[in-house]
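**Student:** Quick one: structure below, then a few questions.
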Amino acid sequence: MFTFRKKDLKEDAQYVKRIITSYCEKPHIKKLSSPISEEFFIIDKKNQIYICIEDGKVTLSNHVFLYKKQFSLSFTDGLKKLIKESIESEMQSLKSSLFKNETDLLAKVHNISLSDKKPNVINHNFKKVSNL
């Protein structure tokens, strides 16, 4: 029987993977996706580093240099998966924070409905004003 041994990544591919993994772990780094073209972008504005992951290609640039290299499709798919998981995690966190206020409101209303206290209603003390 034949067994296929997984190739070790070349040094530049290892660096690219480490860079993408590092940026994916940082929530303040902007990660964008282009749904139709299936391109993913990582933007580090503070350090002016911009990364684009396409099918089989990685482009990394800043204000001084441009690194563009062809990689295997399986390698770039793995990078895309890292970015997708990071974006998904951030979106789930955003979703829970957005809907926290609504659930807090429901909890307060539920507590009010369970209580036997008289409602706090302000009664106005209107005085009848006579015509002069």
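**Student:** Of the numbered conditions (1) among the acidic types (Asp, Glu); (2) farther than 29 Å from Asp8 by Cβ; (3) surrounded by 10 or more Cβ atoms within 10 Å (Cβ to Cβ), Glu85 fails exactly one; give the number of that condition.
**Tutor:** Result: Glu85 passes all but (2).
**Student:** Kindly provide the set of residues from the stretch 68-107 that are hydrophobic (A, V, I, L, M, F, W, C) and touching a residue at least 24 places away in the same chain (Cβ under 8 Å), ordered by number.
**Tutor:** Phe71, Phe75, Leu79, Leu82, Ile83, Ile87
**Student:** Name the single residue that is farthest from Leu32 (Cα to Cα) among those in the stretch 68-101 being over 14 Å from the mean Cα position of the chain (by Cα) and hydrophobic (A, V, I, L, M, F, W, C).
**Tutor:** Ranking the qualifying residues of the stretch 68-101, first place goes to Phe99.
**Student:** Based on what the data block shows, is Lys80 among the basic types (Lys, Arg), part of a helix (DSSP H, G or I) and closer than 24 Å to Asp8 by Cα?
**Tutor:** In short, yes.
**Student:** Which of the residues that make up the stretch 27-67 are more than 20 Å from the chain's Cα centre (by Cα) and touching a residue at least 24 places away in the same chain (Cβ under 8 Å)?
**Tutor:** Hits for the stretch 27-67 are Val58, Leu60.
Bear in mind these aren't lab numbers, they're just calculated from the coordinates by the rules spelled out. Keep in mind that this is a model prediction, so the values were computed, not measured. Reconstructed Cβ throughout: ideal geometry from the backbone, glycine too, with neighbour counts over all protein chains shown.
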